[in-house]
Structure formats: structure tokens, C-alpha cells
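To start, the structure under review is shown below, and the notes come after it.
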Amino acid sequence: MKILVADDDSTTRRMVASMLTKWGYEVVTAPSGDAAWNVLQGEDSPRLAVLDWVMPGMDGVDICRKVRGEVPTDRYVYMILLTAKTSRQEIISGLEAGADDYMIKPFDPSELQVRVGIGRRIIALHEELVAAREALRVQATRDALTGTYNRGAAYQRLVEEVDRAVREKQPLSLLMMDIDHFKKINDTYGHLVGDHVLKETAARVQSVIRSYDIVGRFGGEEFLVVLPHADTDFAIAVAERIRAAVSNRPILSGSVAVSVTLSAGVATARGPSVPDALIQSADEALYHAKRTGRNRVCVATERCAA
């Protein structure tokens, strides 16, 4: 673990750094509060800081306040104040500013070792909580099979992007796509192969779109793609690129090679638009593509590309 030691007294700073290094920690030092704050704002900054209360520029309490106010909560910094102050009210004010612990100078090295160890455990627990929260978020918003957004999350992202498009006065397009004859794939090869086809189709879709485009599994074999800043012609080109990526080569599942095609419907919002109406328009274009031969792209005006 990397630890920041900030103290304007060079003797104390070197002494504390030497102890921490001896105990196996990586140490970064700062001679002032301003220098300490710069360290804490950097990439891969220390997660634990030993701060002198009184320093030039920002003091230790100021740093605590800024860390609690400006550092993201998912990157918790455990802060120990070193102080010669013994007044209960002063110590309370330091803890209220955001310090996790304090030590009164002069301190015993073994006490420092124990208190730093407590901080290390707190940080480890915090990281576990953040990881668990992220896992729950993924579970709540992602389709378990394909890793794309699930229906609810995809719809919410569409709502957000429609609002953004209105604010920025930019076009937004929506693709509704469906794997052709998917039931026949399941009936012929079994559901395990069908699941692999769904996963590989989703992967091929994601491989040919922009990083900020949004893909969601909307139904069994139906996918939704939200294309911000995309007019109809751009959306048609993306849909064709997706269609080609899926159909140009078979999907391999063990010894089985499955030829897969998909049909797509395109709808474009220009100005205020209701997400449900946009979905309905793209869905109608999709079913027009299905009715007119499949493996093609149609837009809401019924213009198709074979």
C-alpha cells in the first residue's frame, strides 16, 4: 500500500517515512499541505495519508475537508492527523473535518504501526464494498447471457439519450434488430448452441459500433441499438455494417457452424420525441424487413436495403 506522509518538519517527515518503509509500505512525502493536496489529486494517489495538523498553506484539517468534499467516494482516503494539540474540542474539530484518526506528538512507533494497520483494513473493506456494489449494479442492468444492457436498463439509457438529443438539438437513431429464424436454430441445434449464437451475435454487434453507442437485449433474440448524434443515413450504414458482421461468416459452436442473418429496423428522432414512439417506429420497420425477405435493413419510411 502507498502512504502519503505530509509534514513541514523534515525530521518528523523522514522519521515517519523510515518507519513505514521498514514495515513494508511504499511512501510518498510532502513538505506542505499544498504539496500533499497535489499528491492526493494525482493518478494512483495514496489511499492512506499521515498528515501533520499544522503546515504551511493548507493544514491537515483543510486537506481532510477537501478530500471529503472533492475526492470521489468510491476512492476512500483514510487520513490520520499528527498533532501536538491536546484540547478535546480541537481534536473533535479535526475528526469532524473528515479525519479518520489522530495521534498526539510525540507518539510511540508501535502505536503508529497499529493505527496504520487499522487504516489498511478499513480501506480493504471499503474496496470490497465498492466491488460488491459494482457487481450488484452489473447484475441489475446487464443481460446475464450476452453482457449487453437488459431491457429495463436499455430503455432507461434510451430515455436519457432522447433527452440529451433534445437539449443538444442533435439527431438520434434507434435500431431494432432480430436474428432471423432463431427458433429454427434452437430446434435444429439445441438451446446451448442457440445461447452461443446470441452471445456471439451481441459480440459482433458491439465490435462494429462506436464506444458510446448503446446495445441492449430487448427480447429473446431481439436487440436494441441506440445511436446518439446519428441521422437516418448514418444509422442505415451502421445497421448494414452490423448485418454484414453477423452474416459474413458462420458462428462456430464446438463442431457446429451456424449461418446467421438478422433483420433491422431504423427510426430517427429529430427534435422532441417519445421513446416509446421511437421504439414502435423502429419495430414496425423491423417487421417490414421480416415481411419482405429478412436479412435486410428497413427504415420507418419502409425504405429497405437488401
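Overview of values
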item: Close pairs from segment 70-83: first closer than 10 Å to ASP52 by Cα, partner among the polar types (S, T, N, Q), Cβ under 9 Å, at least 6 apart; result: LEU82/THR12
item: Near pairs, Cβ below 6 angstrom, 6+ apart or cross-chain, from segment 223-245 (touching a residue at least 40 places away in the same chain (Cβ under 8 Å)) to any residue that is buried (at least 17 other Cβ atoms within 10 Å of the Cβ) and aromatic (Phe, Trp, Tyr); result: LEU224/PHE218
item: Among (1) surrounded by fewer than 18 Cβ atoms within 10 Å (Cβ to Cβ); (2) among the small types (Gly, Ala, Ser); (3) assigned to a loop (DSSP other than H, G, I, E, B), the one test that ALA203 misses; result: (3)
item: Which listed residue is over 21 Å from GLU160 (Cβ atoms), in contact with a strand residue (DSSP E or B) (Cβ under 7 Å, 6 or more places away or on another chain) and in contact (Cβ under 8 Å) with a residue 60 or more places away in the chain, from VAL260, VAL266; result: VAL260
item: Filter result for PRO250 (touching a strand residue (DSSP E or B) at 6+ places or on another chain (Cβ under 6 Å) and free of Cβ contacts under 8 Å to residues at least 24 places away in the same chain); result: yes
item: Breaking point among (1) within 20 Å of ALA124 (Cα to Cα); (2) surrounded by fewer than 15 Cβ atoms within 10 Å (Cβ to Cβ), for VAL28; result: (2)
item: Subset of segment 143-179 (residues that are more than 11 Å from ILE214 (Cβ to Cβ) and assigned to a strand (DSSP E or B)); result: SER173, MET176, MET177, ASP178, ILE179
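We did not get these values from a lab; they are worked out from the coordinates using the rules stated. Please read all numbers here as calculations on a predicted model, not as lab measurements. Don't worry about glycine lacking a Cβ; one is built from the backbone with ideal geometry, like all the others, and counts go over all protein chains shown.
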